[in-house]
1. Which one of Glu50, Glu65, Glu25 has the biggest mean-square fluctuation once the chain is modelled by GNM with Cα springs under 10 Å?
2. Please give me, ordered by residue number, the trypsin sites (Lys or Arg not before Pro) of region 1-86 that lie in loop per DSSP and have at most 15 other Cβ atoms within 10 Å.
3. 5 Å is the cut-off here: which amide hydrogens, built 1.01 Å from N in the peptide plane, fall below it relative to Gly46, excluding neighbours closer than 5 in sequence?
4. Can you tell me the length gained on complete extension of the stretch Val13 to Thr52, counting 0.36 nm per residue apart and subtracting the Cα distance?
5. Label-point separation (nm) for Arg70 and Ala6, each offset 7 Å from Cα along Cα-to-Cβ?
6. Per-residue ellipticity at 222 nm for the chain, helices alone: DSSP H runs ≥ 4 residues times -39500 (n - 2.57), over residue total, nearest 500 deg cm²/dmol?
7. For the chain, state the average projected area of the convex hull of the C-alpha atoms over all orientations, rounded to one decimal in nm².
8. Between Leu49, Leu37, Leu71, find the one with the highest GNM mean-square fluctuation for the chain; connect C-alpha pairs within less than 10 Å.
Amino acid sequence: MQRLFAVTRSRGVGWNDSVPIEKQEDWRSHAAFMNALQSDGFVLLGGPLEGTPDVLLIIRASSVEEIRSRLSGDPWSKDLLRLTQVAPWTLRLGSLG
């Protein structure tokens, strides 16, 4: 059974703080990968948490293992973004459409 998860990823050792996100190494491949996950209905929402080195993703998946497996294919998983937290999430207010 699929459920919602709140997933946090943080900048890794390869992140260059002196350039914007769109100028990071292999940006286009990362963006295409994440857009494909969103098109598949796996990633529902995502974006940077202002003032932090973190990104928040809301994901629909069957398990933590599925999340780890699918995100490991991201070109940025090696050293630009690391998975820091995965937690089941219960939506109480609003809807995801």
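1. Taking springs between Cα atoms under 10 Å, the residue moving most is Glu50.
2. For trypsin sites (Lys or Arg not before Pro) across region 1-86 that sit outside H, G, I, E and B with at most 15 neighbouring Cβ atoms in 10 Å, the list reads Lys78.
3. So Gly46 has HN proximity to Ile58.
4. Computed gain between Val13 and Thr52 is 12.5 nm.
5. 1.9 nm
6. Estimated from H runs of four or more residues: -6500 deg cm²/dmol.
7. 6.6 nm²
8. Leu49
A short reminder: the numbers here are calculations on the coordinates, not readings from a lab. Keep in mind that this is a model prediction, so the values were computed, not measured. For neighbour counting, all protein chains shown are included, and Cβ atoms are generated from backbone atoms with ideal geometry for every residue, glycine included.
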